[in-house]
Every structure is written in structure tokens, then in C-alpha cells.
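Asks: Mind looking over this structure? Questions follow.
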Amino acid sequence: MSDVSYDLEGQIAVITVDNPPVNALSRAVRDGIRQAFSRFEADDAAGIAVILGAGRLFIGGADISEFGKPPHPPSLPDVINGIEAAAKPVVAAIHGTALGGGLEVALGAHYRLAMPGATLGLPEVKLGILPGAGGTQRLPRLIGTEAALRMITGGTPIAAEQALENGLIDRIGTGEDLRAAALDYAGFLLDEGAAPRPVGALPRPDAAPIDAWRKTLEKSARGEVAPLTALCAIDAATRHDIREGLAEERRLFMHLMETPQRSGLIHAFFSERAVAKLPEIKGIAPRAIRHIGVIGGGTMGAGIATNALLSGLSVTLIERDAQSAEKARGTITGILDAAVSRGMLDAPGREAILTQRLQAGAGYDALKDTDLVIEAVFENMDVKKDVFAKLDAVMRPGAILATNTSYLDIDEIAASTSRPADVIGLHFFSPAHIMKLLEVVVAQETAPDVVATAFALAKKLGKTAVRAGVCDGFIGNRILSHYRTAADHMVLDGASPYRIDAALKDFGFAMGPYQVSDLAGLDIGYATRQRKAAKAHPKDRAPTFADALYHKGRLGQKTGRGYYIYDAGDRRGRHDPEIEAIVAEARAQEGTNPREFDDDEIVRRYMAAMVNEGARVVEEGIAMRPLDVDMVFLYGYGFPRWRGGPMHYADTVGLDTILADIRRFAETDDHFWTPAPLLERLVVEGRSFASLN
């Protein structure tokens, strides 16, 4: 069967793209569309054409199997130009989604119909490129510069109703039969004597919004090249006729194809799809999860409960007493109220959640019929083992017992129960109803179907799940402790915490490490250091300046002072002149002769520490592949997505370069800067981390 079919219904030529699962614009599909429109032009019996997609959507965009390969004719721009040049009218009938090249095909048509529930978008900037088949030239001509800038530089799809409102589509179809709706609209156009209406022939769009948008993007898309380059392409639409504009769009598109950012974003795109593909759960059916329990109603527990409620699950939350349970209910209610105010939830939906699907109380017996319970209590092994002993006594057979611990040994927790096969770690990141990362920590005796259930639950909750093994801190927090130590060493050796934060924000991190400390609370770091103190090596260097801040009651944003001062209503913080004196005292205690650090050295040390520990985590099997480390840092630690993650970043700069840096740093500290054996081996073999994916 051909990927593109042509049939005639009365005077209406129906051109159907059928390339499951997403009707991607493969070479065969492009050639099939070109041939179909050549046939349409030559078919005297056809007065109008409809192009639509078989299956669940219109056209999903480029064929990802062709990414990184030499292009083959016909090119998509040529195919779309051919559609637009048709001498008879063409209708694009959209259902499901029309994204990227799929929407560009629709823009090449003369009229557009979308079915209810359809979404339309040009998300190319999220892959480090721009719409390269006319999207930056046709969309602003059709809907105006402002709306086109919003869609293209943000990459976020819009619903059919909004598309109708801004003129992107001409009609929303009725009923559920796409073909019938398309034929009805095409018949209407025939009866009206509608002529071809090429978008490219519309007047140039208004240039007025360009400068203001450029200033906005320079701040909001700091460090990213694709959004600003896409703006330049839209600017070309305001200055050139369609032919010249398309040529400039193509030039800019080809430029972006060669950038490292495009490589990083493509790596992130494919890794996100690969991260849940685990041999241990292939063909394993997950257990049914409809009702979950949450132990602990603090910030984390309430966030987990809210995430589950918003995902359609029922939740029973348990606290130590009725008053605490009611406080947790209030926290959840506040989060739901915020969701209503942002339009993410309607008022009846909020009411249904609170009255029908949320229970909050103080007795463990209420959990006996739940399918899975997530413990989110204080980070203390004795406390958690006590909780699991109680759960073991009341939970039904086959129920899953999960811990939200950030660091603790899940094998030890599991051993405190009579059902270790049912125990797993589900490490959420705060705020749990917002952050996308979920580390699924698999203990030694965790059953495969429990792992499969955890990944299925993550999908339902809208999380990106990454499998992790058991060790102190798992993947993310273990690596974090290492590169944070590198930052603390730089402070002890002379770098300002503010200079480090600024250098790493310029690199692309959402926040610097000392801003992160203030956000999380300096008591968290202090507690971690205290927990590890008994096992500290004599050569370890303690960040006594951080301990001094803790003892002064400066815990970060929650107390108004940490490394930064937070004035009322200001969460960004400002520099504190007292910090330098506190740091200087720590240097004096250590006997350090401080020196200057430039931004390049700060980034090189920080990243070398991150990559080096990442290599150890992979070699030990805590992370299955380097891409798993990348996903953890992209979704949990503010790593710039356009750099692809720390392990991909290491490949781009060269593993030999990273190793050379580590060996140079080891000349003054061979205790901390010990190269990971995997990193050394890959350099000797001339291989990359990508070769292990």
C-alpha cells in the first residue's frame, strides 16, 4: 500500500497520507504528495483537493529516522511550494496534531479545517532549529507577526479554537468523521466558487513587534540560538516577498543545522524517548494503580498527592494527627486553587477532587485498600523503617510500598518488611507537582512488575522517569554532591560564591549552586554533611563557611538571608557584604592562600567534577547509560537543555579535554581529582559516552 493515496469523490480529490504511526514526512511521503498533486493538477474531473492524514493525526512532522542523514529529494519546501502553486483550491483537513512540517504542509494549502481537539504548532526551536519549509514566512502573513512570534519562538502548540480565532484555520469541523467534515467543507467551497488563496501571496506582515520581541528573547532565551534566529527569519518575512523570504529562511535553517545546540537538543529529544526502554520490563505488565496513599503531608507529600489527584488518581494522605492532616489538606487545596486561577483546572473539577478523591487522616488502616503507598516523611532511616513496618502490617498483598528518600539505602528499608519484592524508591523532586523528573530507584529484590508499574505511574503523572540503582544519593544527588564540592573548593581557594553563580548562569544553568542552596534551604546541606561526617576522609575539605551560615540561622530564602539577602517580595536576592568576611574566615582556618578564578576555569572545574562522577555512576551501574545521567540533569537540576546534558556536553568538548583538565587539577589535589576509570578507558579507546547509549 502506498504511503499517499489519491481518490476522487465527485469533484473532490482526496489525498490521504498513511504512514503510521504519526504520518511522518518521510522521503516516500514527500514524493507521494508531490505525485498526488501532479495528478490533481492534470485531473480535469477534480475541482478541489483535500489533503488529510489517516490514523490518529494529520501529519506529525519530519521523519526522525532521517535526522542527521543527507537529505533526499523532493525536499519538503519544494513539495509545499508545489501545493501552494496549485491552480485549483486545496484544503488541509487537520485532526489530532499538525506539528512542524505537518503544519507547514497545511500552510501550503489554500484553506484549513481542523477537527475539535486538534492542536497546531511549530515546535522546531525545541530541537535547536527553526521551521524550514516556509513556516516563518507563511505563518506571520496569515496570523500576524505578534501571534507568529509567540508560536514560533516559543514552540508551544495551540488548540483549534485559538487557531480559528487568530485566523490560522478557517473552520472547525463538526462530528467525529474527519473525511465527512473535509468533504462537506470542500463541497461548500466548490459551491461558492472559491479560488486558490496562496498564503505566500498575502501582504508582508507588520515589522513593528520585532524589536520588542528581540529584547524579550535576549533575556528569556539567554544562551539559546534557535529562538533568536527564528525571530530573524520572521523579520525577513516583514522585509521580503515570499521567494526571497523563503531563501533567507532556508539559509538560517541550514546554519542552525550545524550548531552544537541543535546536536544537544536532538540528543535530548531521542534520549527522552529511550530512557524508559528497559530490558528488565520489556513485555512485563504493570500492576493496576487507581488509588495511592501518601505518608506525610509536608511540602513534598502534599506535592506528590496533588500531582496524583490532578492525574486522575484517588489519594489517601496520612499524617501523624488530625490537625496535621487538616493542614496538609489545606496545602493541597491551595495548590489546586492556584491551578484553577491559571486555567489548568476548573472549579467543578477542584470541588470533585476535594470531595470525592482526597482523604486525609491519621490512621494507617485507611491505606489497606490502596494500590501503592509513597512514604514522604523525614529523611531518617529509623523513622522510615518504622513507617514501612506499619505499612507492611496493613497493606494488602500485591500493594507496592515506595519511599521518596533522596539518599537513604532502599535495600535496608526493604529488608525491614516481609515483602522486599514490593518495595521501590520513587524519588520526586520538589515541587513534586511541577518538577518532571522521577528517579525510579530499583532495590536488589524489587520485582520486575513493580519496576514496570513505577514507569507506568510516572507516565500517568506526566513525569520523565529514570531508572537508578541504590547508592547514597542515587544518580542526581550523588553527582550533585561531587560538583558542589568542586564549587566549595573554589570558594575556599579564592572564588566568590557570586562569581561562581554568575559564571554558571552564563553557561546556561537556571541557577548557580549557591542560589540553589538558598532556595532549598541551607539546613538541607548541613544535615547531609552531618550525616556523612562519620565516613569523611581525612583529606576531605569541609565548607566551613556553609556551616557558619547555618549556625547564624541564615537558611536561605525561608529566613530572608543565606548567601544572598532576600528583601520582602524578592526571590532573586542581592549580594550580602558579610559573605566575604565569613568566607575569608574559613580560608584563614584552612590556611589557604586565595587566588583569582576566571569564568572559564569555574565552568571547567564544575563540569569536570560533574562528568567524572557521572562516569563512575555509569560504570557502577547506578545509571544504566550516559543518557540516563543526562535526563536526570535536564529534568531535575536545571542543566541547559540545549547542551544535551553533562555526558553529551563532555562528548562535544571531547573526553580527552575533560580528562586533561582533571589531571591538571589533580596536580594540586589528587584526592578529590581522581579520574574515573571509565573516562580513562574511553579516551584510550577513542570512544565517546554516546557509544554506551
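The values are calculated or read from the model by the stated rules, or taken from the named source; none is laboratory data. Model, not experiment: these values are computed from the prediction. Using ideal geometry, Cβ is built from the backbone for each residue, glycine included, and neighbour counts are taken over all protein chains shown.
Asks: Just give me the residues in the range 579-623 being at negative phi and touching a Gly at 6+ places or on another chain (Cβ under 7 Å), in sequence order.
Replies: Within the range 579-623, Pro594, Arg595, Glu596, Phe597, Ile622 qualify.
Asks: Might you check whether a residue that is modelled with pLDDT of 95 or more and touching a His at 6+ places or on another chain (Cβ under 6 Å) occurs anywhere in the range 625-633?
Replies: Within the range 625-633, one or more residues are modelled with pLDDT of 95 or more and touching a His at 6+ places or on another chain (Cβ under 6 Å).
Asks: Report every pair of residues separated by at least 6 positions or lying on different chains whose Cβ atoms are under 9 Å apart, first residue within the range 517-536 and aromatic (Phe, Trp, Tyr), second surrounded by fewer than 16 Cβ atoms within 10 Å (Cβ to Cβ) and in a helix (DSSP H, G or I).
Replies: So the pair list comes out as Tyr526/His551.
Asks: Can you pull out every residue in the range 216-227 that is over 17 Å from the mean Cα position of the chain (by Cα) and of a type in the set (Asp, Glu)?
Replies: The one that is over 17 Å from the mean Cα position of the chain (by Cα) and of a type in the set (Asp, Glu): Glu218.
Asks: Among the residues of the range 113-120, is any farther than 20 Å from Ala181 by Cβ and either of a type in the set (A, V, I, L, M, F, W, C) or buried (at least 24 other Cβ atoms within 10 Å of the Cβ) (or both)?
Replies: no
Asks: Which residue is nearest to Asp235 (Cα to Cα), if the candidates are limited to the range 188-212 and must be assigned to a helix (DSSP H, G or I) and touching a helix residue (DSSP H, G or I) at 6+ places or on another chain (Cβ under 8 Å)?
Replies: Across the range 188-212, the extreme among qualifying residues is Ile210.
Okay, residues lined up against (1) under 30 Å from Ser430 (Cα atoms); (2) over 27 Å from the mean Cα position of the chain (by Cα); (3) charged (D, E, K, R):
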site: Arg214; (1), (2), (3): no, no, yes
site: Thr229; (1), (2), (3): no, no, no
site: Arg243; (1), (2), (3): no, yes, yes
site: Met254; (1), (2), (3): no, no, no
site: Ala276; (1), (2), (3): yes, no, no
site: Ile292; (1), (2), (3): yes, no, no
site: Met300; (1), (2), (3): yes, no, no
site: Ile304; (1), (2), (3): yes, no, no
site: Ser311; (1), (2), (3): yes, no, no
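Asks: Out of all the residues in the range 122-171, which are buried (at least 18 other Cβ atoms within 10 Å of the Cβ) and of a type in the set (Val, Ile, Thr)?
Replies: Val125, Ile129, Thr136, Ile143, Thr145, Ile152, Thr153, Ile158, Ile169
Asks: Turning to a different aspect of this structure: Picking from Glu619, Glu585, Glu590, Glu578, which residue would you name as being out of contact with any helix residue (DSSP H, G or I) (no Cβ under 8 Å at 6 or more places or on another chain) and either over 16 Å from Ala268 (Cβ atoms) or surrounded by 21 or more Cβ atoms within 10 Å (Cβ to Cβ) (or both)?
Replies: Glu578
Asks: Something else about it: Given the range 62-162, what strands (runs of 3 or more DSSP E) lie entirely inside it while holding 3 or more residues that are more than 20 Å from the chain's Cα centre (by Cα)?
Replies: Hits in the range 62-162: 90-94, 111-114.
Asks: Could I ask something else about it? Can you tell me which of Asp540, Asp547 is part of a loop (DSSP other than H, G, I, E, B), more than 30 Å from the chain's Cα centre (by Cα) and not β-branched (Val, Ile, Thr)?
Replies: Just a single option satisfies the conditions, and that option is Asp540.
Asks: Here's another thing I want to ask about it. From the set of residues in the range 153-187 that are touching a helix residue (DSSP H, G or I) at 6+ places or on another chain (Cβ under 7 Å) and not aliphatic (A, V, I, L, M), which is farthest from Ala13 (Cα to Cα)?
Replies: Ranking the qualifying residues of the range 153-187, first place goes to Thr153.
Asks: When only residues in the range 273-289 that are surrounded by 14 or more Cβ atoms within 10 Å (Cβ to Cβ) and of a type outside the set (Gly, Ala, Ser) count, which is farthest from Pro626 (Cα to Cα)?
Replies: My answer is Ile289.
Asks: Return a yes/no flag: does the range 489-504 have any residue that is under 27 Å from Lys385 (Cβ atoms) and surrounded by 24 or more Cβ atoms within 10 Å (Cβ to Cβ).
Replies: no
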